[in-house]
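The structure appears below as structure tokens.
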Amino acid sequence: MNARPEQPELPKICDFLEAVRYSSEWTGIAQKVVEQVLSAKERYLSLAGIAECEVEESLLREREVFRHLLPETPTFIDDRATEYIALTTGFDEETIRRIEQGESAYMDSLGLIVWGNYAERDSGLGSPELPEDQASEDGDEEPMFEGHGDHWECLVPEVGPFIQKFMAEPLVYDHLRFSVPSPYSRWNAVTVRATPQTQELETWRMDGYADGGEEIISAFPVARDGCTHTLSLHRARVWKADCEAIVLASTSFGASIAYFDTAYLHPWNEWEPDQEAEVQLAAFAYRLEPAPDQIIEITKEDTIRVLRASQNGQTPEEVTDLSPIEVHSGGMACFFPDPIGNPDDFEFQGPVVQVDVMHAWGQTLYRLEVTVMRDTRSDTDIPFTIPVYAAEANLPVGYRPRVGDQVRGLLWLQGCPTGLAYPILGSAE
């Protein structure tokens, strides 16, 4: 159980940042997730006419788009507010409601809510811990955050306004990627369309269609120029709407890997557990920076035995020299899961072997081919390289990547089986 959050700094009343901090500590949900949800809630209150704000043209356009989710009279909000927040942030309704409980707990701590009785208060606030019903459906695995708000942070500095503008703009698409029967009962069909940013970068939008019209399910950036690697595909961890998934896999040399499958619903994207497939992988960087050349001293005996055994052609049990080993980080390639992220988020380090610069999503982007792992089974190491897109805004001030640089950072990995990277099945007319 998380400890009760520190009391808000008074006399601040309904301070947004304080509400984010308090709600995050109350719920155990990351602050950046809480901030996105509460920002979307503020926008909804403006759209509904409940919050005082300047009526601008973009607000009027967005009201027209979401008029079916707005209250008939601007006096209260109902479950349609949660539906709006889910659509604009990509987070599931359980997460949104839990964050709203944290916000109510913040308001309660300031004495701004009057409860009818203790039962009503307990129901409205929950308790300062993650609820059991958010436990993973995949056994002992950690629960996943479902949505792409974090992924857009790789590309744009202010995600909330970017998504709101995207949602309010008229739907103009250049390419149909695929249209399939919906696996989820809410819709009859699901269609994915793309808006190109460059020759290889696109915004994909997924919509569900039902008798009542269309509804946006998801929108995310896609890189179609991934490096091809042979992977064993073990299983997919499917998101709750059954339309998106993260694939758990391993490389030909046994390293574990996971990627967001951009074409999970594509009708040709079929495979059996543990089947080998050629997969195109690409990544977007949450952050990227030069990696300093460091000397790492390895003192753990089990690790020393394994390393010296591989160097000397021995078994670990035959190794007698257990003196510490010094390893220089220069030229090192490493790739391991982010301990607090989704399975497709990875910490990485490696040398840059190619650099390109481009403009997309209103930002300057660097496309770096980085060697993040190596297959060392033969006499000659075989590099495992992927393109990593990094926004200039997410680089250290003044840093410009060059070939030969050693870089490190945190990335979101995506991919799809070769042959589905360009799944154009028709025009979007």
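The values are calculated or read from the model by the stated rules, or taken from the named source; none is laboratory data. Since the model is a prediction, treat every value here as computed from it, not as a measurement. Neighbour counts are summed over all protein chains in view; Cβ atoms, including those assigned to glycine, are modelled from backbone coordinates with ideal geometry.
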Here is a list: Gly90, Gly49. Which entry is touching a Phe, Trp or Tyr at 6+ places or on another chain (Cβ under 9 Å), modelled with pLDDT of 65 or more and on the phi > 0 side of the Ramachandran plot? Gly90
Determine, yes or no, whether Ile99 is surrounded by 14 or more Cβ atoms within 10 Å (Cβ to Cβ), among the β-branched types (Val, Ile, Thr), under 27 Å from Glu62 (Cβ atoms) and at pLDDT 80 or above. yes
Please verify whether segment 303-313 includes one or more residues that are surrounded by 12 or more Cβ atoms within 10 Å (Cβ to Cβ), of a type outside the set (Ser, Thr, Tyr), modelled with pLDDT of 75 or more and in contact with a strand residue (DSSP E or B) (Cβ under 7 Å, 6 or more places away or on another chain). yes
One residue is enough: does segment 24-41 have a residue meeting the conditions at negative phi, among the aromatic types (Phe, Trp, Tyr) and modelled with pLDDT under 65? no
Among (1) under 28 Å from Ser182 (Cα atoms); (2) of a type in the set (Val, Ile, Thr); (3) surrounded by fewer than 20 Cβ atoms within 10 Å (Cβ to Cβ), Val247 falls short only on (3)
In segment 174-211, which residue that is over 23 Å from Glu146 (Cβ atoms) and surrounded by fewer than 14 Cβ atoms within 10 Å (Cβ to Cβ) is farthest from the chain's Cα centre (by Cα)? Asp211
Looking at segment 252-269, can you tell me whether even one residue there is part of a loop (DSSP other than H, G, I, E, B), aromatic (Phe, Trp, Tyr), within 23 Å of Trp204 (Cα to Cα) and touching a strand residue (DSSP E or B) at 6+ places or on another chain (Cβ under 6 Å)? yes
Could you look through segment 367-411, keep only residues that are hydroxyl-bearing (Ser, Thr, Tyr) and assigned to a strand (DSSP E or B), and pick out the one that is surrounded by the most Cβ atoms within 10 Å (Cβ to Cβ)? Tyr389
Residues (surrounded by fewer than 20 Cβ atoms within 10 Å (Cβ to Cβ) and either in a loop (DSSP other than H, G, I, E, B) or polar (S, T, N, Q) (or both)) located in segment 323-348: Ser323, Pro324, Ser329, Gly330, Gly331, Met332, Ala333, Asp338, Pro339, Ile340, Gly341
Among residues of segment 160-215 being over 17 Å from His266 (Cβ atoms), out of contact with any Ser or Thr (no Cβ under 9 Å at 6 or more places or on another chain) and of a type in the set (A, V, I, L, M, F, W, C), the residue modelled with the highest pLDDT is Leu201
Do we find that Pro343 is modelled with pLDDT of 90 or more, of a type outside the set (Lys, Arg) and more than 28 Å from Gln199 (Cβ to Cβ) in this structure? yes
Test: residue in segment 226-236 that is surrounded by fewer than 19 Cβ atoms within 10 Å (Cβ to Cβ), basic (Lys, Arg) and assigned to a loop (DSSP other than H, G, I, E, B): no
